[in-house]
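The values are calculated or read from the model by the stated rules, or taken from the named source; none is laboratory data. Remember, it's a predicted structure, so these values are computed and weren't measured experimentally. Here the Cβ positions follow ideal geometry from the backbone for every residue, glycine too, while neighbour counts run over all protein chains shown. Note: areas computed on protein heavy atoms with side chains; ligands, DNA, RNA excluded. Shrake-Rupley method; radii C 1.70, N 1.55, O 1.52, S 1.80 Å.
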Amino acid sequence: MAFAWKAAGLTYNRYLAVAARVVRRSLKEEQRIGVERRGEMDLKFAKWQNGKQGDNKNLADANTSAMAEHAGQQTAQ
Amino acid sequence: MLSRAARPALRAGAAVTARPIVPNAANFATLREIEGRLKSIRNIEKITKTMKIVASTKLTRAQKAMTESRSYGEASNTVFEKAETKPLEGEGKKTLIVVASSDKGLCGGIHSGLSKYTRAMLHNKPDADIVVLGEKCKAQLGRSNGKNIVLSFANVGKDVPTFADAQAIADQICLLPTDYASIQIVYNKFLNAQSYEPTPVEAFSEEAIKNSPNFAAFEIDDEVLSNLREYALANSLFWALAEGHACEQSARRNAMDNASNNAADMINKFQILFNRTRQAVITGELVEIITGAAASEQ
């Protein structure tokens, strides 16, 4: 597998998000302020089981931890 | 038993009909009552008017975001159109329905329209799973089809949806344990400022992409295919979210416009009622004074 980010457990979307963040941060100060709002994400999510809602969790944290787990699996293989 | 149970309801009904027809009863209590109601309706009108203005300004931004996001969705759809990708038809294949609603109400029937549409889809495919974006549809679908829901997202639609939102949601959907044959994203299609329509958009699974007749034309490696699928899902989600957001704002604007109009009508009616009552009170007082004066003269 040629992709280093894939080995690190990132999904393509996550990879894109990180790349986009890097581009935004390297912009000049004036442009950066307006543009950086586009990268904000403040969603919460909850898993459901048997018709019951689980705990509300922060999506960003959950995604990072899920990917960290995924990375562990990949190296184990 | 039944008549006794029905009686309070009857009485309540009678009270409601009796209330507006009291202008000839010349006492100060009703006058003050009418004044109080008039005041509260005026306040409501002010609130709905302000909300309408807020929604109008947000609508222009939302529409701009929608046209921009449309190009994302259309570009990724062109690939599948050219490849002639078809959703997989097969037994035992699970379907995932993503409902793109939002957190906020006070915008007419756009959330219940989505819920109804989703329920109709579930009627055909009772074992389909649901992912709900937004609190409103979560409450509605959670009551009727709670067993089908696997994920729900909150904090959707506070502002114009960003691509980062769509990406994070797509990631979480990809992490779901079940392998879905097809993902249907249900959103409100923006027809014009007045009307919208719940529409499904298809996000294809890897297998479906691989089986499409013109797939060979693109020369995509198998390894990259999952990337394409994830990215296409994020694109479609972004499109659905942005278009749904625009619909919501326009629906809210219309709802608030109607509410302000109704409030204005009510204010008119109550103003007339108030004036009549006031005149009746004055006339009654005059009659009392004159008769009193006439009586004391004699």
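Ordered from highest to lowest accessible area with the whole protein assembly present and a 1.4 Å probe, B:48, B:178 read as B:178, B:48. Solvent-accessible surface of protein heavy atoms, probed at 1.4 angstrom with all chains present, puts A:70, B:111 in the order A:70, B:111, largest first.
Take the Cβ atoms of residue A:49 and residue B:275, set R0 to 41 Å, and the FRET efficiency comes out at 0.10. For segment A:1-40, the Kirkwood estimate of the hydrodynamic radius, built from every pair of different alpha carbons, is 11.2 Å. Note on residue A:21: accessible area approximately 110 square angstrom, rounded to 10, probe 1.4 Å, nucleic acids and ligands left out. Which percent, nearest 5, of DSSP beta bridges in chain B are antiparallel? Roughly 40 percent of the DSSP beta bridges within chain B come out antiparallel.
Straight-distance candidates among the lysines for linking to residue B:116, with alpha-carbon spacing under 22 Å and chain neighbours fewer than 8 residues away dropped: A:52, B:94, B:104, B:125, B:136, B:138, B:147, B:189.
Ordered from largest to smallest accessible area (heavy atoms of protein chains, 1.4 Å probe), the residues B:266, A:67 come out as B:266, A:67.
Using helices alone, I'd like the mean residue ellipticity at 222 nm for the protein assembly as shown: each DSSP H run of four-plus residues gives -39500 (n - 2.57), total over residue count, nearest 500.
Values: 11 runs with 235 residues, N = 375.
Mean residue ellipticity at 222 nm (helix-derived): -22000 deg cm²/dmol.
Of the Cα atoms belonging to chain A, the radius of gyration and Dmax stand at 16.1, 50 Å.
Accessible area per residue was computed with a 1.4 Å probe on protein heavy atoms; residue B:44 scores about 90 Å². Relative to the longest principal axis of the Cα atoms of chain B, the long axis of helix B:2-18 lies at roughly 70 degrees.
In summary, the convex hull built on the alpha carbon positions of the protein assembly as shown has an orientation-averaged projected area of 30.2 nm².
Once neighbouring chains are kept in place and the probe is 1.4 Å, which whole percent of the accessible area of chain B is contributed by carbon and sulfur? For chain B, the apolar C and S fraction of the accessible surface comes to 56 percent.
Comparing B:274, B:153, B:238 in a Gaussian network model of chain B where C-alpha atoms under 10 Å apart are linked, the largest mean-square fluctuation is found at B:274. Residues considered: B:281, B:54, B:186. Largest GNM mean-square fluctuation over chain B, using C-alpha springs under 10 Å, is found at B:281. Highest mobility in the GNM of chain B, judged by mean-square fluctuation with C-alpha springs under 10 Å and restricted to B:209, B:185, B:47, is found for B:47. Rg and Dmax over the alpha-carbon atoms of segment B:55-256 stand at 16.5, 52 Å.
At 1.4 Å probe size, with every protein chain present, just tell me what the per residue accessible area of the protein assembly as shown comes to in Å². Let's see the in-between values first.
Values: 21440 Å² over 375 residues.
Heavy-atom SASA per residue in the protein assembly as shown reads 57 Å².
Residues of segment B:212-261 that bury at least 40 Å² of accessible area once all protein chains are present, compared with their chain alone (1.4 Å probe, heavy atoms only, ligands and nucleic acids left out), are B:223, B:227, B:230, B:231.
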